[in-house]
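Written below as structure tokens is the structure these notes are about.
The values are calculated or read from the model by the stated rules, or taken from the named source; none is laboratory data. This one's a predicted model, so the numbers in the text were calculated from it and none came from an experiment. All Cβ positions, even for glycine, are placed from backbone atoms using ideal geometry, and neighbour counts span all protein chains on display.
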Amino acid sequence: MNKKSSYLFLKAALFMGFFLTISSCKKSGETGLLPPDLRKQTVVDAATGTGSDVMMQAFYWDVPQGSWWNVINGKIPAWKAAGIAAIWLPPATKAQGGGTSMGYDPYDYFDFGTYNQMGTIPTRFGDSTSLSQLINTAHSNNMKVYADIVLNHCSGGTLEANPYTSTNTYTKFTPLSGKFNRSSSDFHPNDIETADEGAFAGFPDLCHKKANVSNWIYNASYSMSKFYKNNIHFDGFRFDYVKGYGAWVVKNFVNSVGGPASVFAVGEEWDGNAANLQNWVDATEQTSSAFDFACFYAMHSAFDNNDLTHLNDDMLLKRNAAKAVTFVSNHDTDITYNKYSSYAYIMTHEGYPCVFYKDYENLLDKNRMNNLIWIHKNLAGGTTTNLYSATDQYIDKRNGFGSIPGLIVYFNGTDNWQQQWVTSNWANQKIKEYTGVSNWIQTVAADGRVLIQAPPHAYSIWSVTGL
């Protein structure tokens, strides 16, 4: 098993406690879609559940070594034009793997590619200068930058006598930055705590109740949280493997730099149960969002197992849209399935959608993706009402909010074109289909009823004309 496979195997086992086998989807009959005019970009407060921003996960596993920050820097203007408002970067500091590491084995939390340690000065992604240039480019394009933060475990320490295990352990950390030195008393077990919520893969497991740890992470004026926000100028944080430590750590980290009003936060609470996701968000006292794994698994069941009624399943976006980050793939879940329909679902529903770099840049049609981003930002407003639900057809409507008109999205899981009469929120208005699969221009009746259609194994998205 290679390094990536081992990492994903361990993560899935520790997060889920069980394994899910997800089959590759059969080839879709979806046809090419035409994007509408991308010049109009409307940004609406995500807290209202309307037309929120879109995030880009700006990496995938094993990106090319040495120049990744420069690659992303060059993509920012085009992403901004497409409607991307924020980018999520991989862990940017020096890890045990040096120039080959994806950063999830952190060693020096303050070395962004400056010090010659772990066999390299740059990280896998580049040096501190190229990272600074990337962040400056993003900010000049009014885009936010989110840092990936690994707070559960560390790697790369040297051997020392550990009085709490009566053995020698790799828990002596003396990074060249001179910041956040650690020893056996900063990890589990120690004199105050044997373990916390979860260790990971045998790595030294940080004890957040130790003053040295909490001071360096968020409490002190010299802490990571303040340095990352005030010196590196990150606008938010993605917290890795939050099952491994208490939600209070995320809450304290976010509050130490001004709270949700000042920075964005999202936790990787890998759990397909929407109630558990909501409980974790509540435990952070609403300081952090969570990735909506409940939505992720529901989409797999709906689109790959040919049962669209799973789109009625419980999801975080249905419980707490303002704290749900929806996604189709990421570096841990990059598998082949019906991605177009899944992106159509998250872009037409509440939540903060996250686009995966490899999907957008390498695998899927960029025009279709830009079309869905435009639809999310310009049409997808208000609450959601289900209009039709069957195993092979599913229709939802967004009810509109303010200047955002709302939409109707129609998923068709059959082998043929289908049509349905639905009740819209519009009366005596003309509507059209915004992806290009249908050239129908329909007039809505006085009672809101209108006939719409959808192509086989694909989707259509409808709203008022003139936008």
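Between a first residue in segment 147-162 that is over 19 Å from GLY198 (Cβ atoms) and a second residue that is at pLDDT below 95 and polar (S, T, N, Q), which pairs have beta carbons less than 6 Å apart while being 6 or more apart in sequence or on different chains? Correct list of pairs: empty, since none qualify.
Within segment 200-216, no residue that is not assigned by TED's automatic domain parsing to the domain that holds THR158 sits with its Cβ atom under 9 Å from a residue that is modelled with pLDDT under 95 and among the aromatic types (Phe, Trp, Tyr) at 6+ positions apart or across chains.
The set of residues in segment 177-229 being of a type in the set (A, V, I, L, M) and in a loop (DSSP other than H, G, I, E, B) consists of ILE192, ALA195, ALA199, ALA201, ALA220. Please verify whether TYR228 is out of contact with any strand residue (DSSP E or B) (no Cβ under 7 Å at 6 or more places or on another chain), touching a residue at least 60 places away in the same chain (Cβ under 8 Å) and buried (at least 18 other Cβ atoms within 10 Å of the Cβ), treating the condition exactly as stated. In short, no. Looking only at residues in segment 106-119 that are surrounded by 20 or more Cβ atoms within 10 Å (Cβ to Cβ) and within 13 Å of GLY156 (Cβ to Cβ), the one that is farthest from the chain's Cα centre (by Cα) is MET118. One residue stands out in segment 345-364 among those that are of a type in the set (Phe, Trp, Tyr) and outside any strand (DSSP E or B): the one that is surrounded by the most Cβ atoms within 10 Å (Cβ to Cβ), namely TYR345. Filtering segment 294-316 to residues that are surrounded by 24 or more Cβ atoms within 10 Å (Cβ to Cβ) and either more than 18 Å from TYR394 (Cα to Cα) or β-branched (Val, Ile, Thr) (or both) leaves ALA294, LEU316. Among the residues of segment 405-428, the ones that are closer than 25 Å to ASN305 by Cα and in a strand (DSSP E or B) come to 8 in all.
For segment 437-459, enumerate the residues that are over 25 Å from ASP307 (Cβ atoms) and either in contact (Cβ under 8 Å) with a residue 60 or more places away in the chain or not hydrophobic (A, V, I, L, M, F, W, C) (or both). Of everything in segment 437-459, those that are over 25 Å from ASP307 (Cβ atoms) and either in contact (Cβ under 8 Å) with a residue 60 or more places away in the chain or not hydrophobic (A, V, I, L, M, F, W, C) (or both) turn out to be ASN439, GLN442, THR443, ASP447, GLY448, ARG449. SER341 meets the conditions (1) over 16 Å from GLY83 (Cβ atoms); (2) surrounded by 23 or more Cβ atoms within 10 Å (Cβ to Cβ); (3) more than 24 Å from the chain's Cα centre (by Cα) in every case but one. The failed one is (3).
Residues that are in a helix (DSSP H, G or I) and either buried (at least 19 other Cβ atoms within 10 Å of the Cβ) or touching a Gly at 6+ places or on another chain (Cβ under 6 Å) (or both) within segment 120-136 comprise SER128, SER130, LEU131, LEU134, ILE135, listed in sequence order.
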